[in-house]
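The values are calculated or read from the model by the stated rules, or taken from the named source; none is laboratory data. Source: prediction; values computed, not measured. For neighbour counting, all protein chains shown are included, and Cβ atoms are generated from backbone atoms with ideal geometry for every residue, glycine included. These area figures cover heavy atoms from the full protein model, side chains too; ligands, DNA and RNA do not enter into them. Shrake-Rupley method; radii C 1.70, N 1.55, O 1.52, S 1.80 Å.
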Amino acid sequence: MNATNRPHPFLRWLAGAWSWIFLIFMVLFFEIWARAAYGSTFLLNPTNLQSILLAAVQPLLLALGQTLVIIAGGIDLSVGFTVGLAAVVSARAMQALDPTLPAALSFALAVLLALAAGLGVGVVNAFLVARLNVPPFIGTLGMYGVARGLGFLAAAGNTVPTSNPVNSAMGNGFLFGLIPIPVLITAVVVLIMHYVLSQTKFGQYTYAIGGNRQAAVRAGINVTGHTMQLYLITALLAGLAGVIYTGRFTAGAAQAGEPTLLDSIAAVVIGGASLFGGAGTIIGTVIGALIIAVIQFGLVFINVQPFWQFIAVGLVIILSVLVDQSKARVMKP
């Protein structure tokens, strides 16, 4: 593209910042609605803000792992029921350990077992995709079913309640009476993941594999080993989401992560990642998760039937894909 045909700098900026602009637009829309209809505030109410952030926690944790996998040209459909399996394992462990051990130790052991359960799913995914070259969609879809069945078997088809006070404090406590503990945990994970993806060789290798797998092999990158690590990280984050779910609801449920599987993928796509691999950022994924959470909470806030949430999020996904296609043309030098 020569200089005369090069797009205007404003268009290039708009193409790169559309998700931020859309998030601001949605917040302003609900804020104006709240002031006009209720004479109150939408975002400046601490309770509303806490609710939005808490709603974003689980899909964001899943989306952080999905970001790595999608950038590398894969996908993980098993994370939803990996959350449920980890939640049930955590709850079952606390049920068994609470009568005999201090609450803090019981909770710590339950967390380790839940993360191990999540990693177990990740190990199988990694082996199928990286070692046996099973297409990621098929391999992780198979583990979706396996994790789902194991979760329901471990829960005996029921919700598994817990009474561990440390678990409840982790899921429902606040730092300084203002910041929910699950949000704080997620923020720490976001910072770590952002650093790893943007500032380390691990992140560079992830982009290289997604951009051109064969070129990455020729460059000496251990593509098989690196891909396995990506699926293990994704599963570990799903296990962490399961632990947080058990804390928030003081119970484990096999279906705990089912509603947020598609939201996690949507957050990555809305945030600017390409499903073909090679593009995406952690910050973009955070914005995508916040957009979904604002839409979902905002529609409830203005008394719209919850079923419209699915339509709204679906339309945003379609819009994000169209914008991504246009951005690919606009951002060409």
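Table for the structure above
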| quantity | calculated |
| --- | --- |
| Tally, over the stretch 218-256, of residues that are open to solvent by 40 Å² or more (accessible area, probe 1.4 Å), under 20 Å from MET193 (Cα atoms) and small (Gly, Ala, Ser) | 0 |
| Single condition VAL190 does not satisfy, out of (1) farther than 21 Å from ALA63 by Cα; (2) open to solvent by less than 70 Å² (accessible area, probe 1.4 Å) | (1) |
| Selection within the stretch 147-167 - assigned to a helix (DSSP H, G or I), among the hydrophobic types (A, V, I, L, M, F, W, C), touching a residue at least 40 places away in the same chain (Cβ under 8 Å) and within 15 Å of PHE81 (Cα to Cα) | ALA147, LEU150, PHE152, ALA154 |
| Test: residue in the stretch 5-22 that is at pLDDT below 60, of a type in the set (Lys, Arg) and more than 19 Å from SER320 (Cα to Cα) | yes |
| Residue match in the stretch 98-107 (condition: touching a helix residue (DSSP H, G or I) at 6+ places or on another chain (Cβ under 6 Å), crowded, with 20+ Cβ neighbours inside 10 Å and assigned to a helix (DSSP H, G or I)) | yes |
| Residue satisfying condition, being surrounded by fewer than 24 Cβ atoms within 10 Å (Cβ to Cβ), touching a helix residue (DSSP H, G or I) at 6+ places or on another chain (Cβ under 8 Å), polar (S, T, N, Q) and touching a residue at least 12 places away in the same chain (Cβ under 8 Å), within set SER51, SER40 | SER51 |
| From the options ILE283, ILE295, residue that is over 18 Å from LEU261 (Cβ atoms) and either under 20 Å from the mean Cα position of the chain (by Cα) or at pLDDT below 85 (or both) | ILE283 |
| Every residue from the stretch 141-170 that is in contact with a helix residue (DSSP H, G or I) (Cβ under 7 Å, 6 or more places away or on another chain) and of a type in the set (Val, Ile, Thr) | VAL160, THR162, VAL166 |
| Segments classed as helices (runs of 4 or more DSSP H), wholly inside the stretch 173-247, with at least 1 members that are under 17 Å from LEU115 (Cβ atoms) | 181-199 |
| Residue list for the stretch 137-169, filter: in contact with a Ser or Thr (Cβ under 9 Å, 6 or more places away or on another chain), open to solvent by less than 60 Å² (accessible area, probe 1.4 Å) and not hydroxyl-bearing (Ser, Thr, Tyr) | GLY139, GLY142, MET143, GLY145, ALA147, GLY151, VAL160, ASN164, VAL166, ASN167 |
| Residue count for the stretch 302-323, restricted to those that are assigned to a helix (DSSP H, G or I) and either open to solvent by 50 Å² or more (accessible area, probe 1.4 Å) or farther than 22 Å from ILE21 by Cα (or both) | 10 |
| Subset of the stretch 275-299 that is open to solvent by 20 Å² or more (accessible area, probe 1.4 Å) and assigned to a loop (DSSP other than H, G, I, E, B) - its residue that is nearest to VAL321 (Cα to Cα) | LEU275 |
| Residues of the stretch 33-44 that turn out to be closer than 16 Å to PHE297 by Cβ and either assigned to a helix (DSSP H, G or I) or at pLDDT 90 or above (or both), as a count | 3 |
| Matching residues in the stretch 246-272 - criterion: being more than 26 Å from LEU49 (Cβ to Cβ) and either out of contact with any helix residue (DSSP H, G or I) (no Cβ under 8 Å at 6 or more places or on another chain) or of a type in the set (A, V, I, L, M) (or both) | ALA253, ALA254 |
